Amino acid sequence: METEEYYREKIVLRYNEIYEKWYAGFSNIPKAEIILEINGVGNTGYLHSENKIIFRIPDGNLEDFEKNNFSHYPVLWETELLHEMLHGYQFKILTQASLEGKKFFKNYQVNESTPKLFKDVSGFSGNGHNELFYTAIANFYQQYINNIEEFIKHYI
Ligand SMILES: [Zn+2]
């Protein structure tokens, strides 16, 4: 049985790889602290005020940590990392929504009154999934797959 720190370091390594790409044009943007709670209660989330990503991983998903190369679709912890890093970028960098971000928000937000153009692509419930979040998605999704709906469904 590996230690919690073993798994946390895998997340930190992947975080650092993505950070180098996403923040290449910026200086002095602090990296988030990665906290891992195996069998923690609740969802994984990004705490903007403390700049922490708190992972809560059910024990049964630990084998996913041995498949961590985005070879097909990313595994759960990778999708959670990307999702929370999009929130980090949203809060640390973005002040204005892009046209594409606004369009994606309109199409893919969770909102029953919004006509769903693509029924099987659901957005994200809870706070923070606004036009700026979708602007972060618009900035980066093509680094992973050249299709916005596949990205929303399988990568975050
Ligand atoms: Zn979210």
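Among the listed residues 88, 25, 40, identify the single one that is of a type in the set (Gly, Ala, Ser) and either at pLDDT 95 or above or assigned to a helix (DSSP H, G or I) (or both). Break it down stepwise before answering.
Working: 25 fails: either at pLDDT 95 or above or assigned to a helix (DSSP H, G or I) (or both); 40 fails: either at pLDDT 95 or above or assigned to a helix (DSSP H, G or I) (or both).
None of the other options fit; the residue is 88.
In region 119-156, what residues are free of Cβ contacts under 8 Å to residues at least 12 places away in the same chain and in a loop (DSSP other than H, G, I, E, B)? Of everything in region 119-156, those that are free of Cβ contacts under 8 Å to residues at least 12 places away in the same chain and in a loop (DSSP other than H, G, I, E, B) turn out to be 119, 126, 127, 145, 146, 147. Going through (1) modelled with pLDDT of 95 or more; (2) within 16 Å of the ligand (Cβ to nearest atom); (3) of a type in the set (Val, Ile, Thr) one by one, residue 121 falls short only on (1). In the condition set (1) assigned to a helix (DSSP H, G or I); (2) within 24 Å of residue 132 (Cβ to Cβ); (3) not small (Gly, Ala, Ser), residue 54 is compliant with all but (1). Given the structure, is residue 16 farther than 18 Å from residue 134 by Cβ, under 16 Å from the mean Cα position of the chain (by Cα), in a helix (DSSP H, G or I) and free of Cβ contacts under 8 Å to residues at least 60 places away in the same chain? Criteria met by residue 16.
The values are calculated or read from the model by the stated rules, or taken from the named source; none is laboratory data. Everything numeric here is computed off the predicted structure, so don't read it as measured data. Neighbour counts are summed over all protein chains in view; Cβ atoms, including those assigned to glycine, are modelled from backbone coordinates with ideal geometry.
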